[in-house]
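Peer 1: Structure in structure tokens, see below.
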Amino acid sequence: MALHFSRRTVGAKCYNGYVRRCNILLTFFSRAGENYGVDDTEVGNTEVIAGYIKDYFGDKIDVFKLEPVNPYPDNYQECTEVVKREKAENARPVFQGEVDLSAHDTIFLGYPIWWGEPPMIINTFLEKYDFAGKTIIPFNTHAGSGAAGSYKAIKEKLPDANVNTNGLAIMGTDARTQSAKDSVEAWLKELGF
């Protein structure tokens with residue numbers, strides 16, 4: 001599966017061939033390399049789920065992948081050490097690029113659960129931009145912890161946004177299955193898309 005999103009694909013063709021900004025943004029962080037229970041991957045688990053969302057909307061959604069300036073190690077054990085240190089230090093890893101949220105009313109926000117919460121780069125993103133009046137729809141991958149309370153935590157962090165706590169949590173080991181793809185499509189339909 002070769003789903004490589006570019007760092008910034010904002011300004012896609014949306015309706016009837018006219019070029020304009022889409023009002024829906026898909027933002028996510030995902031890490032390729034050695035993943036828990038999945039081994040070495042060319043595409044991270046959350047990026048696979050983001051790919052299903054992108055496929056569902058086609059060219060009616062903009063995409064912004066959060067890519068850290070300092071990439072995480074490919075080795076799983078080395079990565080967990082970096083993640084534990086970031087969490088202990090309440091770090092805010094910097095990501096590459098910028099996104100203009102002014103043209104987007106709805107933002108899908110995807111991430112894995114690392115050590116019981118979203119990666120610290122998600123906090124960087126949430127603290128960098130103004131989400132007042134935006135609808136935030138979280139989704140995540142995990143190794144057994146579900147959403148780990150992250151949807152409620154995002155809602156508390158963004159009191160001026162409409163955070164939909166009916167997110168979608170998919171086991172990382174299941175991300176590449178037809179069942180996961182079907183779950184994403186059913187969830188999007190349930191949300192009214």
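Peer 1: I'd like the residue in the range 55-72 that is in contact (Cβ under 8 Å) with a residue 24 or more places away in the chain and open to solvent by 60 Å² or more (accessible area, probe 1.4 Å) and, out of all such residues, is nearest to T106 (Cα to Cα).
Peer 2: K60
Peer 1: G116 versus (1) open to solvent by less than 10 Å² (accessible area, probe 1.4 Å); (2) at pLDDT below 95; (3) within 25 Å of A161 (Cα to Cα); (4) not hydroxyl-bearing (S, T, Y): which is the lone unmet condition?
Peer 2: All conditions pass for G116, except number (1).
Condition check ((1) over 19 Å from K128 (Cβ atoms); (2) modelled with pLDDT of 95 or more; (3) in contact with a Gly (Cβ under 9 Å, 6 or more places away or on another chain)) across all residues:
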| site | (1), (2), (3) |
| --- | --- |
| Y52 | yes, yes, no |
| K60 | yes, no, no |
| L66 | no, yes, yes |
| V69 | no, yes, no |
| C79 | yes, no, yes |
| V83 | yes, no, no |
| P93 | no, yes, no |
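Peer 1: Look through N75, N45 and report the one residue that is over 18 Å from the mean Cα position of the chain (by Cα) and either surrounded by 15 or more Cβ atoms within 10 Å (Cβ to Cβ) or on the phi < 0 side of the Ramachandran plot (or both).
Peer 2: Unique residue meeting the criteria: N75.
Peer 1: Given the criterion over 15 Å from K134 (Cα atoms) and either part of a strand (DSSP E or B) or open to solvent by less than 20 Å² (accessible area, probe 1.4 Å) (or both), identify the matching residue among A148, A180.
Peer 2: A180
Peer 1: G97 passes all but one of (1) part of a loop (DSSP other than H, G, I, E, B); (2) more than 21 Å from I24 (Cα to Cα); (3) of a type outside the set (A, V, I, L, M, F, W, C); which number fails?
Peer 2: Unmet condition: (2).
Peer 1: Related question: Just for the range 92-113: of the residues that are touching a Pro at 6+ places or on another chain (Cβ under 6 Å) and among the hydrophobic types (A, V, I, L, M, F, W, C), which one is surrounded by the fewest Cβ atoms within 10 Å (Cβ to Cβ)?
Peer 2: F95
Peer 1: Here is a further query. Quick one: would you say I137 is of a type in the set (V, I, T), within 16 Å of the chain's Cα centre (by Cα) and not in a helix (DSSP H, G or I)?
Peer 2: It is true that I137 is of a type in the set (V, I, T), within 16 Å of the chain's Cα centre (by Cα) and not in a helix (DSSP H, G or I).
Residues checked against (1) within 19 Å of I61 (Cβ to Cβ); (2) out of contact with any His (no Cβ under 7 Å at 6 or more places or on another chain); (3) surrounded by fewer than 13 Cβ atoms within 10 Å (Cβ to Cβ):
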{"position": "K87", "(1), (2), (3)": "no, yes, no"}
{"position": "N90", "(1), (2), (3)": "no, yes, yes"}
{"position": "H142", "(1), (2), (3)": "no, yes, no"}
{"position": "D174", "(1), (2), (3)": "no, yes, no"}
{"position": "L188", "(1), (2), (3)": "yes, yes, no"}
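Peer 1: Right, here's the next one. Going through F125, F108, F131 one at a time, which residue ends up being in contact with a helix residue (DSSP H, G or I) (Cβ under 9 Å, 6 or more places away or on another chain) and outside any strand (DSSP E or B)?
Peer 2: Matching residue, one of F125, F108, F131: F131.
The values are calculated or read from the model by the stated rules, or taken from the named source; none is laboratory data. This is a predicted model, so every value here is computed, not measured. No Cβ is skipped: glycine too gets one built from the backbone with ideal geometry, and neighbour counts run over all protein chains shown. Each accessible area value is taken on the protein alone, full model and side chains, heavy atoms only, with ligands, DNA and RNA left out. Shrake-Rupley method; radii C 1.70, N 1.55, O 1.52, S 1.80 Å.
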